[in-house]
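Novice: Handing you a structure now.
What follows draws every value from the coordinates through simple rules; no lab data is involved. For clarity, every value in this text was computed on a predicted model and none was experimentally measured. Cβ sites come from the backbone with ideal geometry, for glycine too, and all protein chains shown count toward neighbours.
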Amino acid sequence: MKLTGAAHFEKRKKADLLVLPFWQHEKQASPAFSLSLLESGKKAIQALLETGDFKGKEGEVAVLYLDKQPEKRCVLLGLGKEKLLHIEGLRRSYGTLAKTCLGKKWLSLNVVVPEKTQLSESELGRGMSEGLLLANYHIPSLKHSQPDQDGNENKLIHSIHWVGASSKAITQESEKAFKLCQAVYYVRDLVNGNADEVTPPYLAQQVKELGRQYPEIKVTVFDKKRIEKEHLDLLLAVNRGSSLDPAFLILEYRGNPQSKDHTVIVGKGITYDTGGLNIKSSGMETMKCDMAGAATAIGIILAARHLKLKVNVTAVAPVTENCTDANSFKPGDVYKSHHGKTVEMTNSDAEGRLILADALSYASKKLKPTRIIDMATLTGAIDIALGSEAAGMLSSDEMLAAALIQAGQTTFERVWRMPLYDEYLERLKSDIADLKSWNGRSAGSCVAAIFLREFVDPSISWAHLDIASTAYGTDNKKYLPKYATGMGVRLIIELLEHLPKAKAKS
Ligand code: BES
Ligand code: ZN
Ligand code: ZN
């Protein structure tokens, strides 16, 4: 991806497309200088506006063909009402634009920057870049179809030149967005891959490769023997039904070695969830997504490295399949956890909380974290409660909860706090073990979180993010592709960038 910028309108290079921003109900292009220079297009643009064929609504697109311009064509891009402009609106408009470009194979863009907005240039740059880049993605294709005559199958936008960027802010923001999106694409590729390819051994090999490629990332992979030695016994229980060994991944990035502040991200890594012996009666076809938490945790380490963040962050991912097999763990049986507490496994489809319990307890005991955030496609119930508009967030720490909500608003990877009432724990009382893993559908997401809380050292600040409805979807959002979204990388990076300075020094 080539990202460049210049203040001048005149010195544009050849490109597939010139993008001109428009406000809704304004009869003039913004910035004005571009319209005055486009004499050949002036009439056509005025006709589009006067007839109302183009209104400048958010994400609205109209194509024009202009004489004597370095671009093959010009797109008028609606940004909605000027007074209502905000970063998320920019993401949506430029995301829609990127999707149009991908469909038409317009891959090099000269993008005129809107001027005199109430947003700063860096905010403008962030919104436009994130919209364009988050949408600039193709799922690695498994289709048999041949590339078209131009060999253009699945090509991506490869060059963006910002026109009228008076300061460096726009190119800086777009470079930052690109680094972030590298991690987001990595997460999406892992989640979108076939479950029979993206297996526990495959993930282990991928993260080892990251460790070789990036010396700033220290990678440790526990194999089955080591997992047995560490007594990650709930992970082993879930793994029983699988023909593939489990893996336990640890990726460490130390951007501020002087500081003791340390964030651990724990990600659920079920590479496929059949439900186990409580075999799923519906929805199994989306269950390759059940390692999205693990993929996101890995993506956060990658993004922290690419952005050279001055923070210490570790990703921990317990990884296994949850299979229906003669060897599968049996509902009703009791297993001991890494923590020591025993668990009556009341539903083998509630496997996520089991492997997370061991990872949370391992992280609490061994990694000396300041805070732990776990990310998991944990419950279908979170989709019933919130849909794909927000991830569920449950936290025992007011400050961390507030910081996550704030980061969610900035990135629009929103989180909605749900209660962690002590009473929910009552529902997990067992006659034969320290606790049950599951007790029916009522308050499903909250009870799952209260189960997890039992395995976190109470002195550690902790939050749980249920990303079951946001990590993977079949609806096509404005700047998100279908299927894996990569949700959570931008959220946590935003959080890490704004960690309280005082704590970071301690
Ligand atoms: N992986 C699922 C949760 C899930 C559902 C993720 C939909 C993504 C989309 C989880 O392991 C699961 O099976 N949960 C069950 C409930 C369980 C407690 C019996 C569910 O949510 O239905
Ligand atoms: Zn399950
Ligand atoms: Zn699951």
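Novice: Mind listing the long-range amide H neighbours of Lys310? Cut-off is under 5 Å, sequence gap 5 or more, other chains count too, H placed in the peptide plane at 1.01 Å from N.
Specialist: none
Novice: Follow-up question, since we're still on this one. Given a Förster radius of 25 Å and the C-beta distance between Glu115 and Lys68 as r, what FRET efficiency does 1/(1 + (r/R0)^6) yield to the nearest 0.05?
Specialist: 0.55
Novice: What share of Cα pairs, in percent, lie more than 24 angstrom apart in region 1-123?
Specialist: Tail fraction, whole percent: 21.
Novice: Out of the chymotrypsin sites (Phe, Trp or Tyr not before Pro) in region 48-137, which ones are loop residues according to DSSP with at most 16 other C-beta atoms within 10 Å?
Specialist: Here the sparse-neighbourhood loop sites are Tyr65.
Novice: Would you mind checking Lys2/Lys105; Lys2/Lys478; Lys155/Lys208; Lys260/Lys368 for any pair whose Cα atoms are more than 20 angstrom apart?
Specialist: Over 20 Å apart, Cα to Cα: Lys2/Lys478; Lys155/Lys208.
Novice: Could you work out how much longer the chain between Lys260 and Tyr214 gets when fully extended? Use 0.36 nm per residue separation minus the Cα distance between them, nm to one decimal.
Specialist: 14.3 nm
Novice: Kindly provide the helix-only [θ] at 222 nm of the chain, computed as the sum of -39,500 (n - 2.57) over DSSP H runs of four or more divided by all residues, to the nearest 500 deg cm²/dmol?
Specialist: It comes out at -11000 deg cm²/dmol, rounded to the nearest 500.
Novice: With each label point set 7 Å from Cα along the Cα-Cβ vector, what nm distance links Lys330 and Ile405?
Specialist: Between Lys330 and Ile405, the simple spin-label model gives 4.7 nm.
Novice: Turning to a different aspect of this structure: Dipole size in debye (nearest 20) for the chain around its Cα centre, Lys and Arg Cβ +1, Asp and Glu Cβ -1?
Specialist: Computed about the Cα centre, the dipole is about 1520 debye.
Novice: Let me see the pair-distance distribution of region 279-416: every alpha carbon pair, 5 Å bin width, integer percents in order.
Specialist: In order of increasing distance, the bins hold 2, 8, 14, 19, 22, 16, 11, 6, 2, 0 percent.
Novice: While we're here: Just from the alpha-carbon atoms, what are the Rg and Dmax of region 181-318 in angstroms?
Specialist: Spelled out, the Cα radius of gyration and Dmax of region 181-318 are 15.4, 51 Å.
Novice: For an R0 of 30 angstrom, estimate the FRET efficiency from the Cβ-Cβ distance between Gln205 and Lys308 and round to the nearest 0.05.
Specialist: 0.70
Novice: Now, a different point. Placing one identical point scatterer on every Cα of region 303-378 and ignoring solvent, what is log10 I(q)/I(0) from the Debye formula at q = 0.15 Å⁻¹?
Specialist: -0.64
Novice: Here's a follow-up. Taking a temperature of 37 °C and a viscosity of 0.692 mPa s, what whole-number D in µm²/s does Stokes-Einstein yield for region 88-210 with Rh from Kirkwood over alpha carbon pairs?
Specialist: Rounded, D is 203 µm²/s.
Novice: Return Asp16, Asp333, Asp374 ranked ascending by Cβ neighbour count within 10 Å, so the fewest neighbours appear first.
Specialist: Asp333, Asp16, Asp374
Novice: Based on alpha-carbon centroids, what's the gap between region 281-304 and region 43-95 in Å, whole number please?
Specialist: 36 Å
Novice: Please sort by residue number the trypsin sites (Lys or Arg not before Pro) in region 302-352 whose DSSP state is loop and whose Cβ has at most 12 other Cβ atoms within 10 Å.
Specialist: Qualifying residues, ordered by number: Lys308.
Novice: Putting +1 on Lys and Arg Cβ atoms and -1 on Asp and Glu Cβ atoms, find which of Val75, Thr320, Ser259 reaches farthest to the positive end of the dipole of the chain.
Specialist: Result: Val75, furthest along the dipole toward the positive end.
Novice: For Ala463, what residues show an amide H to amide H distance below 5 Å, using hydrogens built from the backbone and excluding near sequence neighbours?
Specialist: Ile372, Ile373, Asp374
Novice: Stokes-Einstein D for the chain at 37 °C, 0.692 mPa s, Kirkwood Rh over Cα pairs, in µm²/s?
Specialist: Rounded, D is 137 µm²/s.
Novice: Just want the answer: with Cβ charges of +1 for Lys and Arg and -1 for Asp and Glu, which residue in Ala204, His231, His158 is farthest toward the dipole's positive end in region 123-243?
Specialist: The listed residue farthest towards the positive side: His231.
Novice: OK, next. What list do you get for Ile157, Ile139 if you sort them by fewest beta carbons within 10 Å?
Specialist: Lowest count first: Ile139, Ile157.
Novice: Once both labels are modelled 7 Å past Cα along the beta-carbon direction, what's the His144-Asn194 spacing in nm?
Specialist: It works out to 1.4 nm between the two label points.
Novice: Next question, about the same structure. For the chain, what is the percent of antiparallel DSSP beta bridges, rounded to the nearest 5?
Specialist: 40 percent
Novice: Figure the gain on full extension for Asn476 and Ser40 (residue separation times 0.36 nm, minus the Cα-Cα span) and round it to one decimal in nm.
Specialist: The Asn476-Ser40 span can extend by a further 153.3 nm.
Novice: Specify which residue in the list Leu394, Phe222, Pro481 is farthest towards the positive end of the charge dipole of the chain, using unit charges on the beta carbon of Lys, Arg (+1) and Asp, Glu (-1), about the Cα centre.
Specialist: Ranked along the dipole, the leading option is Pro481.
Novice: Right, next: If you add up the charges near Asn192, with Lys and Arg at +1 and Asp and Glu at -1, over every other residue whose beta carbon is less than 11 angstrom from its beta carbon, what do you get?
Specialist: So the environment of Asn192 carries a net charge of +1.
Novice: Now for a different question. How about region 399-459: which chymotrypsin sites (Phe, Trp or Tyr not before Pro) there are in a DSSP loop, with at most 13 other Cβ atoms within 10 Å of their Cβ?
Specialist: Tyr421
Novice: Stretch Glu50-Asp431 to full length: gain in nm at 0.36 nm per residue minus the Cα-Cα span?
Specialist: Length gained, Glu50 through Asp431: 129.7 nm.
Novice: Please give the charge dipole size of region 193-352, origin at the Cα centre, charges +1 on K and R Cβ atoms and -1 on D and E Cβ atoms. Round to the nearest 20 debye.
Specialist: Here the size comes out at about 760 debye.
Novice: With a length cut of 24 Å (Cα positions projected on each helix's long axis) and a Kyte-Doolittle mean of at least -0.5, go through the chain and give me the DSSP H helices that pass.
Specialist: Qualifying helices: 87-104, 169-192.
Novice: Another question, then. In whole angstrom, and with the biggest value first, how far do the Cα coordinates of region 359-441 range along each principal axis?
Specialist: Over region 359-441, Cα extents along the principal axes are 46, 35, 21 Å.
Novice: Could you pull out every one of the aspartates and glutamates with an alpha carbon less than 13 Å from that of Lys280, ignoring same-chain neighbours closer than 8 positions?
Specialist: Answer for Lys280, where 13 Å is the Cα cut-off: Asp349, Glu351, listed by chain and number.
Novice: Let me ask something else about it. What does the convex hull of the Cα atoms come to per residue for region 406-486, in Å³?
Specialist: Considering the Cα atoms of region 406-486, their hull volume per residue is 134 Å³.
Novice: When a footprinting reagent is the concern and you count Cβ atoms within 10 Å, what order do Ser430, Ser281, Ser388 take, fewest first?
Specialist: By the 10 Å Cβ count, ascending: Ser281, Ser430, Ser388.
Novice: Can you check what the Kirkwood hydrodynamic radius comes to for region 463-503, Cα pairs only, in Å to one decimal?
Specialist: For region 463-503, inverting the mean 1/r across all distinct Cα pairs yields 11.9 Å.
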